[in-house]
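Step one of this worksheet: look at the structure below.
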Amino acid sequence: MDEWTAEDLSPEESAMIVDFVEWAGEFDRQVLEKQTVEGDQDAIGIEEAFEFLMPHISEGATEFDAKMLKLFRLEKEIKSGPVFEYEYESELPPDSTVTAEGLNAFLKREELREFFSIAGQMIESLSVELVMEKVVEPSKKSKSVRRRVERKSQKEREWLLHITGNISDGEKGEIRRTYDMRSSLVHDSENVFVDDIDIPTDVDRGVKAVNILHENLHGIELKHRFGDLVA
């Protein structure tokens with residue numbers, strides 16, 4: 001969101017922010033109360049479920065697997081929960097500075113930053129492995145070549161995968177969209193947040209982008225790694 005002050009807002013926009021703050025406070029109170037409920041399975045959050053699962057994870061699990069588990073957890077956290085809806089949104093100016101979508105994204109900004117940061121890391125690592133596996137000739141594979149691939153920009157790795165036919169034009173676009181989203185979120189300052197995120201569409205596309213590379217490299221969808229992770 002661009003920086004603005006209360007003086008820049010219309011009465012309808014000001015009322016929308018007041019409603020949002022009250023709604024967010026009520027939501028936080030309900031979450032806090034829910035966490036104090038004992039013995040109720042419905043009160044067990046996704047994070048707690050994964051914390052319970054971690055001791056049972058196979059010793060063969062890698063850092064990539066840990067990122068995958070966290071990516072799926074964040075996906076569910078971002079897409080779950082109530083959504084703020086403004087009853088009088090039709091009264092807002094056509095070029096409104098504040099939107100319900102922007103406020104909902106703002107509420108989940110930290111989870112979105114973490115989600116796209118992890119998705120970006122996974123895209124980078126999978127791209128390196130896919131270039132080494134499918135682009136570099138077997139006779140030329142070496143540690144020095146791997147370092148050269150790792151030093152290339154992510155856009156260069158995507159280009160190599162595309163021109164060699166390992167990813168289609170549409171797949172390249174999905175990967176680029178997610179990686180650009182990651183760059184926008186990670187490099188924004190604390191007080192600035194991009195307001196063009198579409199939840200849950202962009203979150204779904206993030207998982208899809210990672211899955212495209214994973215399936216091309218390993219021949220299985222990302223979600224099927226779970227079968228090998230649980231001891």
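Given the structure, is residue 143 within 30 Å of residue 217 (Cβ to Cβ), exposed (fewer than 15 other Cβ atoms within 10 Å of the Cβ), in contact with an Asp or Glu (Cβ under 9 Å, 6 or more places away or on another chain) and at pLDDT below 95?
Details: within 30 Å of residue 217 (Cβ to Cβ): yes; exposed (fewer than 15 other Cβ atoms within 10 Å of the Cβ): yes; in contact with an Asp or Glu (Cβ under 9 Å, 6 or more places away or on another chain): no; at pLDDT below 95: yes.
Considered against the rule, which asks whether it is within 30 Å of residue 217 (Cβ to Cβ), exposed (fewer than 15 other Cβ atoms within 10 Å of the Cβ), in contact with an Asp or Glu (Cβ under 9 Å, 6 or more places away or on another chain) and at pLDDT below 95, residue 143 comes out as no.
What residue, among those in segment 47-84 that are under 18 Å from residue 222 (Cα atoms) and not in a helix (DSSP H, G or I), is modelled with the lowest pLDDT? The residue in question is 57.
Only one entry of 131, 136 meets the criterion of being under 30 Å from residue 164 (Cα atoms), touching a Lys or Arg at 6+ places or on another chain (Cβ under 7 Å) and either surrounded by fewer than 15 Cβ atoms within 10 Å (Cβ to Cβ) or not basic (Lys, Arg) (or both), and that entry is 131.
For residue 110, state whether it is of a type in the set (Asp, Glu) and under 19 Å from the mean Cα position of the chain (by Cα).
Judged against the criteria, residue 110 is a match.
Criterion applied to 188, 202, 198, 228 was being at pLDDT below 95, charged (D, E, K, R) and over 19 Å from the mean Cα position of the chain (by Cα), and the one residue passing it is 228. Among the residues making up segment 65-118, those that are surrounded by 15 or more Cβ atoms within 10 Å (Cβ to Cβ) and among the aromatic types (Phe, Trp, Tyr) are 72, 84, 86, 106, 115, 116.
Restricting the first residue to segment 187-205 and requiring it to be under 14 Å from residue 75 (Cβ atoms) and of a type in the set (Val, Ile, Thr), which pairs with a second residue that is part of a loop (DSSP other than H, G, I, E, B) and modelled with pLDDT of 70 or more meet a Cβ separation below 8 Å and a spacing of at least six or different chains? Matching pairs, first to second residue: 199/108.
Scanning segment 116-133 for residues that are modelled with pLDDT of 85 or more and in a loop (DSSP other than H, G, I, E, B) turns up nothing.
Residues that are aliphatic (A, V, I, L, M), within 14 Å of residue 126 (Cβ to Cβ) and part of a helix (DSSP H, G or I) within segment 153-180 comprise 160, 161, 175, listed in sequence order.
The values are calculated or read from the model by the stated rules, or taken from the named source; none is laboratory data. Bear in mind that the values here come from a model prediction, so they are computed numbers and not experimental data. Note that each Cβ is placed from the backbone with ideal geometry, even for glycine, and that neighbours are counted across all protein chains shown.
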